[in-house]
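The values are calculated or read from the model by the stated rules, or taken from the named source; none is laboratory data. All figures in this text were calculated on a predicted structure; none of them were measured in a lab. Note that we place each Cβ from the backbone using ideal geometry, even for glycine, and neighbour counts take in every protein chain shown.
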Amino acid sequence: MRLGHRLRHRLARFGMSLLLLAFIAFLAFPIVWLTSTAFKPPGEIGLQNPALLPQQPTLDNFRVAVEENGVLRSAYNTLKISVLSAVLTLLVALPAAYLLARRRSRMNQAVTVWILVSQTFPLILIIVPLFLILSWLGLVNTHAGLVLVYVVWSLPFVLWMLQGYVRAIPVQLEEAAAVDGASPLDILARIILPLLLPGLIATGLYTFVNAWNEFFFALVMLKSPDLVTLQVSLARFRGIEGLARWGPLAAGSLIAIVPTLLVFALMQRRLVSGVLAGSVKE
Amino acid sequence: MNRVSPTKARARLGDGRAIVPWWLFLPSVVPIVLFSVVPLLQGIYLGFTDYTLGAERARFVGLDNFARMLGDAAFWSSFRIGFIWTFSVTLGVLVLGMTLAMLLNARLPFQGLARVLVLIPWAIPPVIKGLMWRMVYHPSAGFLNQWLLGVGLIQFPINILSDFTWALPAVIAVGIWTGLPQATVVFLAGLQSIPDELKEAAMLDGAGSWHVFRHVTLPLMTPVIVATAALELMWNFNAFGLVYVLTEGGPAGSTKLPMLLAYEEAFSFGNIAYASALGLALVVVGGVLVYFVVRNQYAGAGAGRAG
């Protein structure tokens, strides 16, 4: 009886382990395939029964992607846009986040409502009027215009994240400084900012990744080939369906994944808790 | 030095309800209003006009666009596809996400590795996800076809993403792959917050593992599941980038989700007003969907608690 129970328990665990392995294969396989394709010479792509790993690994695909497809150029564009978006968003959001944290008001609700609204509304509703406004300002087909869009688009969630970090700083510290005659700006610069640094980094990385991965706005806003971001230029690779293109395309895709993957590796825990805060209310 | 008296300082900063200058809001609020609230309102208004790209001005036409929609086969087909896609992906993500979360919570071998691997698809931009899966699905260079041929399930390679029957299921599989990591992480956190004592008590009372899952785990997880379901429904109903890169809505419109139809109307044909009306229809239908899910599930949770 006891033995039978044990056996059943073991079998169940074995089945569960197999199931877990199947999940891992499903999740990881496309990434493995992409990586392996990026290092395969043209002759090995599309063979009947190709090997999972390249037989003669080569860096040639990366060379082609960079030299003939301008991947480096669009990677630089994307990097510039993402860094500027992250820095500007923080600068713009910080004062308001401070206010949100230190002075409970209707604005807190307004921010929450706007986060929900901006999640619900399809971008198609906003993109055309936004396009018209930006073209009136002469900002269509410029990096500045796209940065502006990214800053505005990430602001609600960033405000929410940042005000949480500010709230974690004891208000007594500020009171003490105020007693000593420090002005609000002094308090912000000398007390809040240094303590807020980890939160600022997390929020900045969040904005960076958002901008780096974004596709829809970039597709609509940027037209000149030398201005496009990595996502747009890789999506355009697609038209040319010849097998010879797969290698460089895979190489370019790998380049596009590296920064976000790095950020994820660094921020694993924080990002997870951020998502939890975002999707499960309190 | 201009020392401020303690009372005055407290008036300025007391009890966490400090008198912080209100204008600190301006740098955030002004851009949000100018570049997202105003365009959104304009976009909603455009849905009730006859505006086309490059037209001099927009003429208010009331509900004409919505009337046109009702007679538009492309609209019905895209919303039908949108529903199939949204429900299949959401259901797949919820069921598989819960299964995977429970496996990750069960102290199995490779658990640490699996918990990290689960996160990776999450970090990948939608465009690259699409490209990656095109490589998996490709008729001659893709792994899937070669594997199916090797096993003998098919005699000839199938161009999965250009096949009228297989394109939508293939795209749905990618959608599930995309949504799985986030749902799993949220579910895992939910599972870990359930005290072991509850399950042990149920076990002692003679409940089998299915009963424990059905009567202990599931009721406690309901709020997390509802929140995830609502978000997934909303995101999937408005999905664009992934399917755009995978099929661009083809073959013959068999994967043309509502957002792809609206994008095409706006930027291929210049029918801005009609595209905006489609966007509004998406909001209304999506809102109703989420409302029903949230309401029903909360009713269910209430009943569970009472029972």
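May I ask you to list the residues in segment A:190-230 that are under 22 Å from B:S268 (Cα atoms), free of Cβ contacts under 8 Å to residues at least 24 places away in the same chain and assigned to a helix (DSSP H, G or I)?
Within segment A:190-230, just A:L219 meets the criteria.
One residue alone among B:V89, B:V118 is touching a helix residue (DSSP H, G or I) at 6+ places or on another chain (Cβ under 8 Å) and away from chain A (no Cβ under 14 Å), and that residue is B:V89. Is at least one residue of segment A:8-25 more than 8 Å from every other protein chain (Cβ to nearest Cβ) and in contact with a helix residue (DSSP H, G or I) (Cβ under 6 Å, 6 or more places away or on another chain)? Within segment A:8-25, not a single residue is more than 8 Å from every other protein chain (Cβ to nearest Cβ) and in contact with a helix residue (DSSP H, G or I) (Cβ under 6 Å, 6 or more places away or on another chain). How many residues, within segment B:18-28, are aliphatic (A, V, I, L, M) and facing chain A (nearest Cβ under 7 Å)? Number satisfying all stated conditions: 3.
A:I187 satisfies every condition listed in (1) out of contact with any Asp or Glu (no Cβ under 7 Å at 6 or more places or on another chain); (2) part of a helix (DSSP H, G or I) except (1).
Listed here are the residues, each with its yes/no results for (1) modelled with pLDDT under 80; (2) over 30 Å from A:R10 (Cβ atoms); (3) outside any loop (DSSP other than H, G, I, E, B); (4) facing another protein chain (nearest Cβ under 9 Å).
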position: B:V95; (1), (2), (3), (4): no, no, yes, no
position: B:L100; (1), (2), (3), (4): no, no, yes, yes
position: B:R134; (1), (2), (3), (4): no, yes, yes, yes
position: B:F156; (1), (2), (3), (4): yes, yes, no, no
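Considering segment A:104-143, the residues that are among the polar types (S, T, N, Q) and in a loop (DSSP other than H, G, I, E, B) include one that is surrounded by the fewest Cβ atoms within 10 Å (Cβ to Cβ), namely A:S105. Looking only at residues of segment A:161-209 that are among the polar types (S, T, N, Q) and buried (at least 20 other Cβ atoms within 10 Å of the Cβ), we find that the one that is nearest to the other protein chains (Cβ to nearest Cβ) is A:Q163.
If you take the residues in segment B:231-274 that are within 20 Å of B:V288 (Cβ to Cβ) and at the interface with chain A (Cβ under 9 Å from one of its Cβ atoms), which one is farthest from the chain's Cα centre (by Cα)?
Among those residues, the one meeting the criterion is B:A262.
Across segment B:120-150, the number of residues qualifying as buried (at least 24 other Cβ atoms within 10 Å of the Cβ) and of a type in the set (S, T, N, Q) comes to 0.
Tell me, yes or no, whether segment A:40-56 has at least one residue that is among the hydrophobic types (A, V, I, L, M, F, W, C) and farther than 30 Å from B:L96 by Cα. Yes, there is a match, as at least one residue in segment A:40-56 is among the hydrophobic types (A, V, I, L, M, F, W, C) and farther than 30 Å from B:L96 by Cα.
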